[in-house]
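To start, the structure itself, in structure tokens.
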Amino acid sequence: MFEKKISRRSFITLSAAAAASLALDRSKVNGLAAAMGNKANYPVVVIGAGLGGLCAAAYLSKSGVPVTVVEQHAIPGGYATAFERGDFTFEVSLHLTTIHNNSTAAILEDLGILDKLKFVPLPGQQGPESLAETLSGRFPSEKEGIRGFIKEITGISDEISGLSKEKGKSGKASIRRYPKLWGVKDKTLADLLGGYVKDQELKDLLASGWGAYGLPPSQLSAFYFAAARGGTLRNGSYYIRPRSQALSDALAETITRSGGKILYDTAARGIKLKDGAVEGVDLQDGGKLPAVAVVSNASALTVFKKMLPPGSVPADYLGKIDGYSTSISTFIVWLGLNRDVREIVKTYRTGFRTGRGIEADYRSCLKGELERAPYGITVYDHLYQGYSRPGKSTVTLLCLCGYEPWRRFEADYRAGRKDAYYKEKERLTEALIARAERDFIPGLRSMIEVRESSTPLTNWYFTRNPEGAIYGFNQTVDNAFMNRLDCRTPVKGLYLASAWGNPGGGYGGALSGGEKAFRMMVEDWGG
Ligand SMILES: Cc1cc2nc3c(=O)[nH]c(=O)nc-3n(C[C@H](O)[C@H](O)[C@H](O)COP(=O)(O)OP(=O)(O)OC[C@H]3O[C@@H](n4cnc5c(N)ncnc54)[C@H](O)[C@@H]3O)c2cc1C
């Protein structure tokens, strides 16, 4: 049985540093990995082949650790995936990312896939100066505040880059030396905006894109918003060509090429413990896999509430998790059109504004009011020539959607009785298409060659994220940045690598979580 060679004192120190950490001391981790001795004694099971799980497994297999990934679906990627219908290949999640030009780039480089991926810049992006000018033109009396806010969020993004270069010095003491980071750690986005501008419409414009973080300004961690939005303003936003599946496939290939295994169509049922430490994983099909450590890419809620033996998780930790809320889900309509609509919808992504303000919009999304909630339309053909076949268009309509309206279908859905569910899904699909026809593309219905849609239950089915959550736990102040649930858990040998853990959701968050889980494992083995 594997036992952590780590004292309680250093465990606490490492945990505190890691929770706050954005940096990887690669030479130290590589040194520890090299000194591990016979790596055959360290079999690891990774539950889930989403980005966090794939990343952790790729690090492990490249370090010579025998790793097995179990994935309940037939392909890698979790949300970072695509699917085909007729002549069209539809993107499931990716709209934009900065993973190749921020601190996450080092992860892709470590894993040898940075050069293999093709990133295309989003068309029509505004940099900090141009955004400040546009908004100052509309709100001249708030010019100073607008510039101040944009400087603040880009400054936070710069400080994160600085911190990520401070190898091995990323505990609270280090973060204190970054005034913007330290200053924002306990603020909501509404707090941050309120420090710079007064007009509510302007605040909503500065917070636009809030949907990409799943919470309105009154609840969203300002750190999380600034890290992501400041980063895209500073470095630009990109798409992965041809689809996000390329990233997932590249990670999966790294794992298998360096000796790791990925078992598809294989679901984990439980995690076995011996003397309080991880001993292996029980599979749904009755199989068992021995392990000295388990990395969970599956949701933290599922792991702690369903996969571990009762009584094995400290009550205060479970209480903490019970206090967190689950992030919002989505209702999506994918449309394969028999016309090139780039002249009709002239931008890559555009949103329908309700004029009711973000807080009211969020409540509407939570209630699943697809007839009136804000929604976005994405015309992927603006990204690069040849996204769709000539003369065709690949379009999505996306509405953030709470789980409550779908809860009533849950039991029947899981039991395979889906008639009522399909009826409701069809009704809302039609409603969203009708809105897009009215708001953006006249005659849309007559152009539809292929159509598909998804609900929060679809998200659950393909990723097993409870309530179809798209960013793990909500990125509230009490569960973001230094407070985000640590990748090292109180169960010996169990680590989190997903949107549910540190540092959080999104492609960059999930990948960083995978790298952190790997780092902590190696530290625990060699410390
Ligand atoms: C519509 C949509 C749009 C988005 N847009 C963006 C965007 O533009 N940019 C961005 O950065 N982020 C975006 N995101 C968020 C981003 O996709 C996710 O935060 C991220 O991909 C989550 O990765 P993850 O590692 O947590 O794993 P997940 O993608 O949640 O995957 C978890 C994996 O674990 C597997 N699994 C679960 N339980 C088990 C089990 N018991 N046994 C075996 N396997 C199991 C699942 O099948 C799944 O493959 C979007 C998400 C959605 C849904």
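Search the range 346-362 for residues that are assigned by TED's automatic domain parsing to the domain that holds Tyr380 and pair each with any residue that is modelled with pLDDT under 95 and among the hydrophobic types (A, V, I, L, M, F, W, C) when their beta-carbon atoms are under 7 Å apart and the residues are at least 6 apart or on different chains.
Short answer, once both residue conditions are applied: Ile358/Trp210.
Of all residues in the range 407-461 being of a type in the set (S, T, N, Q) and crowded, with 16+ Cβ neighbours inside 10 Å, which is farthest from the chain's Cα centre (by Cα)?
The selected residue is Thr429.
Provide a single number: the residues in the range 481-493 that are within 14 Å of the ligand (Cβ to nearest atom) and either in contact with a strand residue (DSSP E or B) (Cβ under 6 Å, 6 or more places away or on another chain) or of a type in the set (Lys, Arg) (or both).
Residues that pass the stated criteria total 2.
Taking only the range 324-346 into account, find how many residues are over 27 Å from Leu366 (Cα atoms) and within 24 Å of the chain's Cα centre (by Cα).
Of the residues in that region, 0 qualify.
Go over the candidates Met482, Met521 one by one and state the one that is closer than 30 Å to Gly183 by Cβ, part of a helix (DSSP H, G or I) and among the aliphatic types (A, V, I, L, M).
It is Met482.
Among the numbered criteria (1) in contact with a Lys or Arg (Cβ under 8 Å, 6 or more places away or on another chain); (2) touching a residue at least 40 places away in the same chain (Cβ under 8 Å), which single criterion is violated by Arg138?
Of everything listed in (1) in contact with a Lys or Arg (Cβ under 8 Å, 6 or more places away or on another chain); (2) touching a residue at least 40 places away in the same chain (Cβ under 8 Å), Arg138 misses just condition (1).
Of the residues that sit in the range 333-374 and are among the aromatic types (Phe, Trp, Tyr) and in a loop (DSSP other than H, G, I, E, B), which one is surrounded by the most Cβ atoms within 10 Å (Cβ to Cβ)?
By that ranking, first place goes to Tyr348.
Helices (runs of 4 or more DSSP H) wholly in the range 185-282 with at least 2 residues that are modelled with pLDDT of 95 or more and in contact with a helix residue (DSSP H, G or I) (Cβ under 7 Å, 6 or more places away or on another chain) - which ones?
Per the criteria, 189-194, 200-206, 222-225, 245-257.
The values are calculated or read from the model by the stated rules, or taken from the named source; none is laboratory data. Keep in mind that this is a model prediction, so the values were computed, not measured. With ideal geometry, Cβ positions are generated from the backbone for all residues, glycine too; neighbour counts draw on all protein chains shown.
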